[in-house]
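Here's the structure we're looking at; comments come further down.
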Amino acid sequence: MKSKRAIITGGSRGIGRAIVERLLRDGWQVCTCSRKEEDLKKLWEDLRKPENLLTKACHVEDKQSVKGFVNFCMENMGGVELLVNNASILGERVSVMDYPEDIWDEVIRINVNGVFYVTKYCLPYMGNGSFIVNMSSGAGKRPAPYWGAYAVSKFAVEGFSLLLAEELRDKGIRVYALNPGATRTQMRAKAYPFEDPMTLKPPEKVAEFLLRLINSKLPSGSYDYID
Ligand SMILES: NC(=O)c1ccc[n+]([C@@H]2O[C@H](COP(=O)([O-])OP(=O)(O)OC[C@H]3O[C@@H](n4cnc5c(N)ncnc54)[C@H](OP(=O)(O)O)[C@@H]3O)[C@@H](O)[C@H]2O)c1
């Protein structure tokens, strides 16, 4: 790959942050977002203000915000070889009957529409040999009672990834839906409050796997993290 420029959504913590750090170490230019400017500033300072890291607050469910974020990335990087749609929220873990409607809407807006907007606005800047990685979940592959809108949103991410892969095959852009599996993050702790986080793999393992995936010759498709 001649240039190594990446856009990662939801890079302020968890799996997204681990991906940002791993790519920076590998010499990539990285542009990332999350909703909170102060968390992004802290990330940049924690990493000792790297020159090859750009950050901007963005709400992926808001198309104007996404346009602003992608424009900012492009003004600074000029193109993108790797897009990771990582930002998402969990919502509630209750039955469909009890699911709060406003939270349902919010989860679908962020986890589904957000992936669409970021992808749509990045695609004009992506060429032959680029990658799109959409963070999926086991809940998007088999029935997961009481996971509500999150499960439905991840089924959508799986489907979106497959259709995108078909559309982009001739352009030489590979598309992976990646299920990271149980990982030690805030989202996982919210979903499983009684679990000991130290029994789970750290997010750095997922970042390593993602790098292996894009360096592999594997075709577009849906993949699960394996150690
Ligand atoms: N951890 C697991 O075990 C696990 C398992 C399966 C799949 N996954 C998937 O892996 C991905 C990363 O999960 P994680 O566990 O690292 O989650 P996390 O710790 O909750 O981090 C989520 C990141 O996304 C950002 N974000 C959330 N909503 C956003 C929005 N509307 N616009 C922009 N940024 C937003 C968050 O920052 P702000 O809140 O400040 O915006 C944060 O940076 C997600 O797609 C998740 O569904 C995780």
Exercise for the section: Could you check E106 against (1) farther than 26 Å from K36 by Cβ; (2) more than 15 Å from the chain's Cα centre (by Cα) and say which number it fails? Expected result: (1)
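For (1) touching a strand residue (DSSP E or B) at 6+ places or on another chain (Cβ under 7 Å); (2) at pLDDT below 95; (3) among the basic types (K, R); (4) more than 13 Å from S12 (Cβ to Cβ), each residue gets a yes or a no:
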site: K42; (1), (2), (3), (4): no, no, yes, no
site: D46; (1), (2), (3), (4): no, no, no, no
site: D62; (1), (2), (3), (4): no, no, no, yes
site: K67; (1), (2), (3), (4): no, no, yes, yes
site: G78; (1), (2), (3), (4): no, no, no, yes
site: G91; (1), (2), (3), (4): no, no, no, yes
site: D98; (1), (2), (3), (4): no, no, no, yes
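Just for the stretch 53-87: of the residues that are over 27 Å from G172 (Cα atoms) and within 17 Å of the chain's Cα centre (by Cα), which one is surrounded by the most Cβ atoms within 10 Å (Cβ to Cβ)? Spell out how you get there, then give the answer.
The first filter runs over the stretch 53-87 and keeps only residues over 27 Å from G172 (Cα atoms), leaving 55-59, 61-62, 64-65.
Now drop any that are not within 17 Å of the chain's Cα centre (by Cα), which leaves 55-59, 61-62, 65.
On the way: T55: 22, K56: 18, A57: 17, C58: 28, H59: 18, E61: 23, D62: 17, S65: 18.
Selected residue: C58.
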Practice task
Identify all residues within the stretch 134-154 that are in a helix (DSSP H, G or I) and within 13 Å of the ligand (Cβ to nearest atom); write none if there are none.
Solution key: G138, A139, G140, A149, Y150, A151, V152, S153, K154
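Would you mention how many residues in the stretch 155-187 are part of a helix (DSSP H, G or I) and free of Cβ contacts under 8 Å to residues at least 60 places away in the same chain? Break it down stepwise before answering.
Filtering the stretch 155-187 down to residues part of a helix (DSSP H, G or I) leaves 155-171, 186-187.
If we keep only those that are free of Cβ contacts under 8 Å to residues at least 60 places away in the same chain too, we end up with 155-156, 159-160, 163-171.
Counting residues in the stretch 155-187 that are part of a helix (DSSP H, G or I) and free of Cβ contacts under 8 Å to residues at least 60 places away in the same chain gives 13.
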Completion exercise
When every residue in the stretch 188-204 that is free of Cβ contacts under 8 Å to residues at least 60 places away in the same chain and assigned to a helix (DSSP H, G or I) is compared, the one farthest from the ligand (Cβ to nearest atom) is M198
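So which helices (runs of 4 or more DSSP H) stay within the stretch 3-93 end to end and still have 1 or more residues that are closer than 26 Å to V152 by Cβ and within 14 Å of the ligand (Cβ to nearest atom)? Quick ask: steps written out before the conclusion?
Details: elements: 14-25, 37-46, 63-77.
Where helices (runs of 4 or more DSSP H) fall fully within the stretch 3-93 and carry at least 1 residues being closer than 26 Å to V152 by Cβ and within 14 Å of the ligand (Cβ to nearest atom), they are 14-25, 63-77.
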Completion exercise
N179 vs (1) more than 11 Å from the ligand (Cβ to nearest atom); (2) in contact with a Ser or Thr (Cβ under 6 Å, 6 or more places away or on another chain): all pass except (1)
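The values are calculated or read from the model by the stated rules, or taken from the named source; none is laboratory data. The structure displayed is predicted, hence computed values, not measured ones. A quick note on method: Cβ atoms are made from the backbone with ideal geometry, for glycine too, and the neighbour counts reach across all protein chains shown.
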